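A short worksheet on the structure shown next.
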Amino acid sequence: MSIHEVLERVSHIMHIAEGYLPPLHAVAWGVASAPFVVHGVRALDREVRSNPESTLLLGASGAFTFVLSALKIPSVTGSCSHPTGTGLGAILFRPPIMAVLGTITLLFQALLLAHGGLTTLGANVFSMAVVGPWAGYGLYRLLRRFDVPLMVSVFFGAFVADLSTYCVTSVQLALAFPDPGSGIPGALAKFGGIFAVTQLPLAVSEGLLTVLVMRLLSRSSHGELTRLGVLATGAKKEASAR
């Protein structure tokens, strides 16, 4: 199958849709994702048992991811892009828990919205619920270590969580459908170039929206964010969060 045929078949999705990956690829991505999800389930169980009051914020983080990642924004060549919403949950509860929330989101979207698919669930989980949260959280923590203001760190964390998801999706598609002439590198350049047109501004928009939500949470759930380590008790770091 040529890249142009793939693009025509995925014209209404950004999650890799049902049946679009070869069976071996679908299984391999599922196996790669499974340890992260299992680890996340354990982390989520510990969080809920230790801090039952965090349930509401966990639900809000999952809902944020579900709503943003369900949006479909037309891209070039008839394809679509969308935000991911995983940066917020990764910053609040760490990437392992976001792996579970992201998996639940992707499963519900596949079953209820025909957005993504069951056979490609492992691939979509790996890109959006594993790599995205870890990349975004990693940059967020690095910036905070160098005393970058909280909201600036949140913006770049959400930005990278979004953008890295689509980089991985491009790699997954390139591995499955290499270009007949230029192979995997050529396919990667084409897939990445196609989605970058709309995904770069979407990543900026998601970063700004995540900052807005974090500002609201810092006022309405100050104690919970302090417990989670997002807001520190020191006057200097609290000031940077405002």
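The numbers here are math on the coordinates, done by the rules we state, and not lab data. As the structure is a prediction and not an experimental result, all values here were calculated from the model. So basically every Cβ, Gly included, is an ideal-geometry build from the backbone, and we count neighbours across all protein chains shown.
Only helices enter this figure: runs of n ≥ 4 DSSP H residues, each worth -39500 (n - 2.57), summed and divided by the residues of the chain, yield -23000 deg cm²/dmol at 222 nm to the nearest 500.
Counting every pair of alpha carbons in the range 39-171, the share spaced more than 26 Å apart comes to 20 percent. Taking every full run of DSSP H in the chain, the ones that stretch at least 30 Å from end to end by Cα along their long axis and average -0.5 or higher on the Kyte-Doolittle scale are 23-50, 150-176, 183-220. Annotation: peptides 46-57, 20-31, ranked by per-residue average of other Cβ atoms within 10 Å with the highest first, follow the order 20-31, 46-57. Who wins for biggest fluctuation among THR198, THR226, THR84 in a Gaussian network model of the chain, springs between alpha carbons below 10 Å? Residue with maximal mean-square fluctuation among THR198, THR226, THR84: THR226. Where is the GNM fluctuation largest for the chain (alpha-carbon springs, 10 angstrom cutoff): VAL100, VAL197, VAL160? It is VAL197. From the coordinates of this entry, Cα Rg over 2.2 N^0.38 Å is computed, and it appears in (i) 1.02; (ii) 1.12; (iii) 1.24 under the label (i).
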